[in-house]
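So the structure is just underneath, and the comments pick up after that.
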Amino acid sequence: MLLTRLSSLPRSTVSTSQRFWYSTGYSHLSARKQSFIPSSGHYPLGFRASGVSCGIKKNGNKDVALVVSDRPCTAAAVFTTNAFKAAPVLVSQQTLKDNGNNNIYGVVTNSGCANAVTGQQGIVNAERMRAVMDSLTGHPKSALTMSTGVIGQQLQMDKLVPGIEQAYGALSKEHGTGWMQAAEAYMTTDTFPKLITGDFDDYRMAGIAKGAGMIHPNMATLLGFMVTDANVAPALLQKALTYAVDRSFNAISIDGDMSTNDTISVLANGASGVVIKDESDPAYLLFRDRLTGFAAQLAQLVVRDGEGATKFVTLHVKGGESFESAKKAASHISTSKLVKTALYGQDANWGRICASLGHSGVHVVPSKVSVTFVPSDKSTPLPLMIKGEPEVVDEARAAEILKMEDLWIEVDLGLGASDAMFWTCDLSHEYVTINADYRS
């Protein structure tokens with residue numbers, strides 16, 4: 001399976017912008033979090049980005065983001081399964097349908113207001129966002145729309161329309177003046193912008209995501225997009241994205257709650273000259289796997305910024321009868337409030353992992369299950385249970401492992417050859433504080 005530890009992904013597969021952006025805006029963060037903010041990037045040809053403030057956010061932070069291609073793109077997207085789909089989700093779905101996943105020139109996003117559960121007026125406002133982009137690009141139904149923020153409030157279009165126009169005038173292909181500005185405009189309760197790039201010799205990718213709470217499949221509750229300068233046929237692009245999302249954005253959980261606005265999209269403009277039109281072409285599988293690894297890296301940044309999170313946890317469920325069953329087990333364990341609070345308390349209460357697995361709905365044979373803590377410093381793993389038999393656990397060693405910011409938990413079902421990765425975090429007192437005060 002492609003999804004491995006982030007540090008083990010080959011550089012030729014995911015070449016991330018080299019890190020360490022110690023700006024005054026993020027100097028209050030831990031060095032670890034600052035290390036995930038890039039200071040440069042290798043961006044796809046033909047794309048520009050921007051981020052500005054139009055006054056939707058009360059604090060005056062950036063709240064309008066644009067990413068625009070200078071040529072038409074094929075496009076694909078995966079949306080929330082929530083019954084209360086937000087207006088920008090419905091409008092984007094219709095845009096892709098009307099255009100046959102072709103002739104998309106960009107993505108327009110606002111933060112600070114979700115434009116969700118806003119009735120017919122919400123649809124009108126989302127369509128107006130797209131119409132403003134149409135007038136700027138000179139093409140009909142040219143953009144996908146995204147919104148994030150508080151649910152149940154109407155967009156302030158008197159502020160947003162001039163904001164979109166201002167952002168269009170500020171478009172830049174540069175890292176600091178364009179892409180980083182857009183990434184910051186995506187943020188709501190995020191503590192750092194989530195922006196990565198990949199250089200694959202023959203083409204490039206870039207991606208931005210936002211998300212810190214209300215994170216759980218299906219979709220992983222967030223906004224995000226990826227762009228590439230490869231030319232990928234619409235049907236293949238959608239197939240590759242669906243595969244990638246199942247193994248990335250749909251393999252993370254922070255609090256088990258699902259949003260109304262989740263959208264992950266990908267645009268391909270072909271500026272590199274690379275053309276992928278046939279599924280039998282070896283270049284397609286390579287592209288799909290590169291997109292999957294890239295999406296996994298972007299999704300992991302969302303978990304690392306989980307509201308109030310102090311730990312980043314990789315859960316590897318192996319020995320499953322199928323990928324679907326292994327993933328279902330991983331999802332259930334990752335969502336368990338008892339497991340997550342034990343991790344926050346640095347308590348090696350591995351019995352909670354077994355208890356969660358046991359009512360996950362997945363076929364389990366207790367006498368075949370093993371559970372192991374794998375330290376992030378690559379020191380000796382700590383078995384907790386082997387084939388249903390509890391180990392005599394060195395509590396002092398377990399405490400040392402649980403003090404680390406990164407933790408790898410391995411659960412072997414012992415039933416087959418399939419596995420799945422899931423990324424989650426602990427659940428802290430701060431999570432309650434953040435979400436209790438969200439609207440204020």
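The values are calculated or read from the model by the stated rules, or taken from the named source; none is laboratory data. Quick caveat, the model's predicted, so the values are computed rather than measured. Cβ coordinates were reconstructed from backbone atoms using ideal geometry, including for glycine residues, and neighbour counts include every protein chain displayed.
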*Could you give me the residue pairs with C-beta distances under 7 Å whose first residue belongs to region 318-343 and is of a type in the set (Phe, Trp, Tyr), whose second residue is at pLDDT 85 or above wherever it lies, and which are 6+ apart or on separate chains?*
Phe323/Ser418; Phe323/Ala420
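Yes or no, residue by residue, for (1) in the same structural domain as Ala396 (by TED's automatic domain parsing); (2) touching a Lys or Arg at 6+ places or on another chain (Cβ under 7 Å); (3) within 21 Å of Pro383 (Cβ to Cβ); (4) surrounded by fewer than 21 Cβ atoms within 10 Å (Cβ to Cβ):
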{"position": "His316", "(1), (2), (3), (4)": "yes, no, yes, no"}
{"position": "Gly319", "(1), (2), (3), (4)": "yes, no, yes, yes"}
{"position": "Lys328", "(1), (2), (3), (4)": "yes, no, no, yes"}
{"position": "Ser331", "(1), (2), (3), (4)": "yes, no, no, no"}
{"position": "Asp347", "(1), (2), (3), (4)": "yes, no, yes, yes"}
{"position": "Trp350", "(1), (2), (3), (4)": "yes, no, yes, no"}
{"position": "Ile353", "(1), (2), (3), (4)": "yes, no, yes, no"}
{"position": "Val365", "(1), (2), (3), (4)": "yes, no, yes, yes"}
*Matching residues in region 121-177 - criterion: being β-branched (Val, Ile, Thr) and outside any strand (DSSP E or B)*: Ile123, Val124, Val132, Thr137, Ile151, Val161, Ile164, Thr177
*When you go through Ile151, Ile123 one by one, which is the residue that is in contact (Cβ under 8 Å) with a residue 40 or more places away in the chain and either among the β-branched types (Val, Ile, Thr) or crowded, with 21+ Cβ neighbours inside 10 Å (or both)?*
Ile151
_If the requirement is being surrounded by fewer than 20 Cβ atoms within 10 Å (Cβ to Cβ), modelled with pLDDT of 90 or more and not in a strand (DSSP E or B), which of these qualifies: Thr380, Thr372?_
Thr380
*Quick one: in region 185-219, of everything that is modelled with pLDDT under 85 and among the small types (Gly, Ala, Ser), which residue is nearest to Ser147 (Cα to Cα)?*
Gly211
*In the set Leu357, Leu343, Leu338, which member is in a helix (DSSP H, G or I) and surrounded by fewer than 19 Cβ atoms within 10 Å (Cβ to Cβ)?*
Leu338
*Yes or no: Ala271 assigned by TED's automatic domain parsing to the domain that holds Tyr43, surrounded by 19 or more Cβ atoms within 10 Å (Cβ to Cβ), over 20 Å from the mean Cα position of the chain (by Cα) and not charged (D, E, K, R)?*
yes
*asked:* Under 8 Å between Cβ atoms, which residue pairs at least 6 apart in sequence (or on different chains) link something in region 39-59 that is of a type outside the set (Phe, Trp, Tyr) with a partner that is loosely packed, with under 15 Cβ neighbours inside 10 Å and modelled with pLDDT under 95?
replied: Ser39/Gln18; Ser39/Arg19; Ser39/Phe20; Ser40/Gln18; Ser53/Gly60
*If you scan region 350-386, which residues turn out to be farther than 21 Å from Thr424 by Cα and in contact with a strand residue (DSSP E or B) (Cβ under 6 Å, 6 or more places away or on another chain)?*
Met385, Ile386
_Where a residue in region 259-288 is touching a residue at least 12 places away in the same chain (Cβ under 8 Å) and its partner, wherever it lies, is of a type in the set (Val, Ile, Thr) and assigned to a loop (DSSP other than H, G, I, E, B), with Cβ under 6 Å and at least six apart_ = Ser259/Thr221; Asp262/Thr80; Asp262/Thr221
*asked:* Return the residues of region 12-65 that are modelled with pLDDT of 95 or more, aromatic (Phe, Trp, Tyr) and not in a strand (DSSP E or B); say none if nothing qualifies.
replied: Tyr43
*Of residues in region 274-309 being among the small types (Gly, Ala, Ser) and over 23 Å from Ala420 (Cα atoms), the one surrounded by the most Cβ atoms within 10 Å (Cβ to Cβ)*: Gly308
_Please go through (1) under 23 Å from the mean Cα position of the chain (by Cα); (2) in contact (Cβ under 8 Å) with a residue 24 or more places away in the chain for Gly176 and return the number of the only condition it doesn't satisfy._
(2)
_Only one of Val78, Val68 that is at pLDDT below 95, of a type outside the set (S, T, N, Q) and within 29 Å of Gly273 (Cα to Cα)_ = Val78
_Please pick out the residue among Val132, Val117 that is surrounded by fewer than 24 Cβ atoms within 10 Å (Cβ to Cβ), in contact (Cβ under 8 Å) with a residue 12 or more places away in the chain, closer than 16 Å to Leu171 by Cα and hydrophobic (A, V, I, L, M, F, W, C)._
Val132
*asked:* Among the numbered criteria (1) at pLDDT 80 or above; (2) crowded, with 23+ Cβ neighbours inside 10 Å, which one does Leu3 miss?
replied: (1)
*Within region 387-423, count every residue that is assigned to a strand (DSSP E or B) and either of a type in the set (A, V, I, L, M) or in contact with a strand residue (DSSP E or B) (Cβ under 6 Å, 6 or more places away or on another chain) (or both).*
13
